[in-house]
1. Treating the Cα atoms of region A:1-48 as identical point scatterers in vacuum, please give the log10 of the normalised Debye intensity I(q)/I(0) at q = 0.18, 0.22, 0.23 Å⁻¹, two decimals.
2. Specify the angular offset, from 0 to 90 degrees and rounded to the nearest 10, of the alpha carbon long axis of helix A:50-73 from the longest principal axis of the alpha carbons in chain A.
3. Find, to one decimal place in angstroms, the Kirkwood hydrodynamic radius of region A:1-93, where the mean of 1/r is taken over every pair of different Cα atoms and then inverted.
4. On alpha-carbon atoms, Rg over Rh for region A:50-173 using Kirkwood Rh?
5. How tilted is helix A:120-135 with respect to the longest principal axis of chain A? Cα atoms for both, answer in degrees (0 to 90, nearest 10).
6. List B:23, A:7 from most exposed to least, where exposure is judged by having the fewest other Cβ atoms within 10 Å.
7. Report the full-extension gain for the segment residue B:71 to residue B:5: residue separation times 0.36 nm, less the Cα-Cα distance, to one decimal in nm.
8. For a protection proxy built on the mean count of beta-carbon atoms within 10 angstrom, sort B:33-42, A:39-48, B:50-59 highest first, please.
């Protein structure tokens, strides 16, 4: 497969859409056309590498955290089922382990997905777990299983997560 | 490629993160509810690599059989591509029954 760089690539998941300045994609060798834009990829069975997918997902997760931490902390908004699923995928834990991380029963997680059990406190806990995972990828698994070594810290992500946590609301002060 | 060799190579490549996901795997069947990051993590997780014996299967492809986060049987069709800049696992197709969400 041929490696190409696409400018202004829009990557979308349940946490939102984000335009990335440059994304590496793989197109079949038979593809002769000169591709520089995402719109030209519409009819092509192109590929994305695992590293690139993780980079893009983590960036979207971080942006979601930055944009919504304050509102969730202050109870202005909650987390919906689609966002919850996307967060569970970033943590990559099943519902039983997700329940353990939040200190809930597995059945309560099912209720969270139905939207009947979501409260500001639980939404805050979920954001805390997301923040931990973004600043230290693998932290959730480590919290559940333990392990020989603590996962290493992503310094840039930690800085952004902490900035979002301690940023004052515009209306406050 | 023989299954034994494919298993060895598959394990080495997924440890190094040399995985590429084709658009068909995450976009062709939205009812299966696969996301890109989920496919990456499923291939990096535990499972069993088998020969792909489906009559319509791509020649030289293998099936990675694993369980998803909701304990459903998931079958991911992969090809091991050998190129000048190194080998890589290419996910070409993914299947699981029904989505409960």
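1. Values returned for q = 0.18, 0.22, 0.23 Å⁻¹ are -0.53, -0.76, -0.82.
2. On a 0 to 90 degree scale, this one is about 40.
3. On the way: mean 1/r = 0.0671 Å⁻¹.
Every distinct Cα pair counted, the radius reaches 14.9 Å.
4. Values: Rg = 14.4 Å, Rh = 15.0 Å.
With Rh from the inverse mean 1/r over Cα pairs, Rg/Rh is 0.96.
5. 50
6. On the way: B:23 16, A:7 12.
With the fewest neighbours first, B:23, A:7 line up as A:7, B:23.
7. Working: separation 66, 0.36 × 66 = 23.76 nm, distance 2.83 nm.
Separation in residues times 0.36 nm, less the Cα-Cα distance, equals 20.9 nm.
8. On the way: B:33-42: 21.3, A:39-48: 16.1, B:50-59: 10.9.
Highest mean packing first, the order is B:33-42, A:39-48, B:50-59.
No value in this document is a laboratory result; all are computed from the given coordinates. Quantities reported herein were computed from a predicted structural model and do not represent experimental measurements. We place every Cβ from the backbone using ideal geometry, glycine too, and count neighbours over all the protein chains shown.
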